[in-house]
Amino acid sequence: MKTNPRMEGFLAEIRDDNLDDPRALPQKLLALLNEGFVEEEECVFFSRLKEAAQVQRLDFPDRTAYECFVNHVHVEDYLENGGLPPIELLGRGMAFAHELADRLRRLHGTKHFRIIVASEGGVSCTVRFHTLRHEEEWVGKSFNGFKEEAIAIMETQEVLP
């Protein structure tokens, strides 16, 4: 996993308090995962989010942007009992990302994915994913430059040159 300095500061606390344990995922996030994935136009999407999307591939410059737009989950929208303290919200986002990575590995073993967790100001936590492609990038290599946003990037497997 790669992180920027802001995320690195939060990860120790998240791990120490076991806030990234997938067993603590809210039921609504588990339901999203349990509904599975759909493949379309060489892209992989959460089934529910793709069904609700009002966009198509030609609306985006590449497949990676298309996947990231559709597979964009605001963790706080899936909480059953309202808000959480910022570190717990980020912990749930990390737990969701870990479980998402495990499921993508099992279901789509021949494809590899990048999962991006981002939190800005502790009021929002987003998780999105896309298929790894040599020629396309969603988060550039200089994501360390983000000062306000805490970012973690995990991959189901590194893309080989």
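Apply the Karplus curve 6.51 cos²θ - 1.76 cosθ + 1.60, θ = phi - 60°, to the phi angles in segment 124-129 and return the couplings in whole Hz, x for Gly and Pro.
9, 9, 10, 10, 9, 9
I'd like the projected area of segment 102-143, averaged over all directions, using the convex hull of its alpha carbons. Report it in nm² with one decimal.
3.9
Between segment 1-40 and segment 89-107, what is the C-alpha centre distance in whole Å?
5
Between Val38 and Glu149, how many nm apart are label points set 7 Å from Cα along the C-beta direction?
Spacing of the two 7 Å Cα→Cβ label points: 2.7 nm.
Compute the helix-to-body angle for 86-107: its Cα long axis versus the longest principal axis of the chain, expressed 0 to 90° and rounded to tens.
Once rounded, the angle reads 40 degrees.
Given the chain reduced to its alpha-carbon atoms as identical point scatterers, what log10 I(q)/I(0) does the Debye formula return at q = 0.14, 0.15 Å⁻¹?
Scattering profile of the chain, log10 relative to I(0): -0.68, -0.79.
Divide, for segment 1-88, the radius of gyration over alpha carbons by 2.2 N^0.38 Å, where N is the residue count.
1.30
Once both axes come from the Cα atoms, what is the angle between helix 5-16 and the longest principal axis of the chain, in degrees from 0 to 90, rounded to 10?
In the chain, helix 5-16 runs at an angle near 60 degrees to the longest axis.
So for the pair His134, Glu51, with labels modelled 7 Å out along Cα→Cβ, what separation do we get in nm?
3.7
Enumerate lysine pairs in the chain that are 8 or more residues apart or on different chains, then count those whose Cα atoms are under 19 Å apart.
4
As a test of the formula, what do you get for the chain when each DSSP H run with n ≥ 4 contributes -39,500 (n - 2.57) and the sum is divided by the residue count, at 222 nm and rounded to the nearest 500 deg cm²/dmol?
-10500 deg cm²/dmol
Taking the Cα centre as origin and putting +1 on Lys and Arg beta-carbons and -1 on Asp and Glu beta-carbons, what dipole magnitude results for the chain, to the nearest 20 debye?
That gives a dipole near 240 debye.
Using a 10 Å Cβ count of at most 14 others and DSSP loop calls, identify the longest part of the chain lacking such trypsin sites (Lys or Arg not before Pro).
Here the longest segment lacking exposed loop sites spans 1-140.
Read the figures in this text as sums done on the coordinates, not as results from a lab. What you see is a predicted model, and the numbers here were worked out from it, not measured in a lab. Please note: Cβ atoms are built from the backbone with ideal geometry, for glycine as well, and neighbour counts cover all protein chains shown.
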